[in-house]
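Here is the structure we will look at.
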Amino acid sequence: MTTYHGTTIIAVRKNGRVALGGDGQVSIGDSVVKARASKVRTLKGGKVLAGFAGSVADAISLYEKFEEKLDRHPGNLPRAAVELAKDWRSDRVLRRLEALLVVTDLEHTFLLSGGGELIEPDDGILAVGSGGNFALAAARALLPDERLGARDIVQRSLEIAADICVFTNRHLTILEL
């Protein structure tokens, strides 16, 4: 699977809640060109959260395609995710899109890619991007702390990733269901 530089996206599921967050840094090469981008958003009237790592233009195309799948399969995130993954892998135009998409609702969290990956994590934590492994490790360490909710874990994990990864900053956008 491709690793994308320039972002960190993480989803955490805990105690019936799910949070999805991302940093705001956009980099081209080794230069920061934007510090306050929003790489996560709500879809379907706030019932689905989505975030991306990779090309912004490609991610916008993927958001649109994914919303079409959600319209065709209302309330069925797994089915919509499978249909997008199939199209993404088989369509010649979509296959060229360079991004990873994380989508979540109150029941499921998925990672989708153009290589045909459709992954649902076992532990309810999913992270992508250049700081993804740092955020993932932090979230797994923080998950057992009963004082922390999903949103708190996402925030702390992104902050830890920002301390380590030069392509991740502390201008965070965090959404929660």
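Where a number appears in this text, it was derived from the coordinates with a stated rule and is not lab data. Not measured: the values here are computed from a predicted model. Quick reminder, even Gly has a Cβ in these numbers, built from the backbone with ideal geometry, and neighbours come from all protein chains shown.
Details
- Length gained when the stretch Val33-Arg17 is fully extended (0.36 nm per residue, less Cα-Cα span): 2.4 nm
- Separation between Cα centres of the range 107-177 and the range 9-52, rounded to whole Å: 10
- Note on Arg72/Leu106: beta-carbon distance plugged into 1/(1 + (r/R0)^6) with R0 of 22 Å gives a FRET efficiency of 0.65.
- Projecting the Cα atoms of Ala11, Gly115, Ala81 onto the charge dipole of the chain (Cβ charges, centred on the Cα centre) puts Ala81 farthest toward the positive pole.
- Among Gly75, Gly124, Gly29, the residue with the largest mean-square fluctuation in a Gaussian network model of the chain, with springs joining Cα atoms closer than 10 Å, is Gly29.
- Applying the Karplus relation 6.51 cos²θ - 1.76 cosθ + 1.60 with θ = phi - 60° to the range 160-171 yields 3J(HN,Hα) values of 5, 4, 5, 6, 10, 9, 6, 9, 10, 10, 9, 8 Hz, where x marks Gly and Pro.
- Here the contact order of the chain, divided by its residue count and restricted to Cα pairs under 8 Å and six or more residues apart, works out to 34 percent.
- Net charge over other residues, Cβ less than 14 angstrom from the Cβ of Ile153 (K, R count +1; D, E count -1): +1
- The residues packed around Tyr63, meaning those with a beta-carbon under 13 Å from its beta-carbon, carry a net charge of 0 if Lys and Arg are +1 and Asp and Glu are -1.
- A helix-only calculation puts the chain at -10500 deg cm²/dmol for mean residue ellipticity at 222 nm, using -39500 (n - 2.57) for each DSSP H run of at least four residues, averaged over all residues.
- Choice from Asn133, Asn15, Asn76 with maximal GNM fluctuation in the chain (Cα, 10 Å cutoff): Asn15
- Pairwise Lys count, the chain - Cα closer than 14 Å, eight or more residues apart or different chains: 4
- Comparing Pro144, Pro78, Pro121 in a Gaussian network model of the chain where C-alpha atoms under 10 Å apart are linked, the largest mean-square fluctuation is found at Pro144.
- Taking the Cα centre of the chain as origin and assigning +1 to Lys and Arg Cβ atoms and -1 to Asp and Glu Cβ atoms, the resulting dipole is close to 260 debye.
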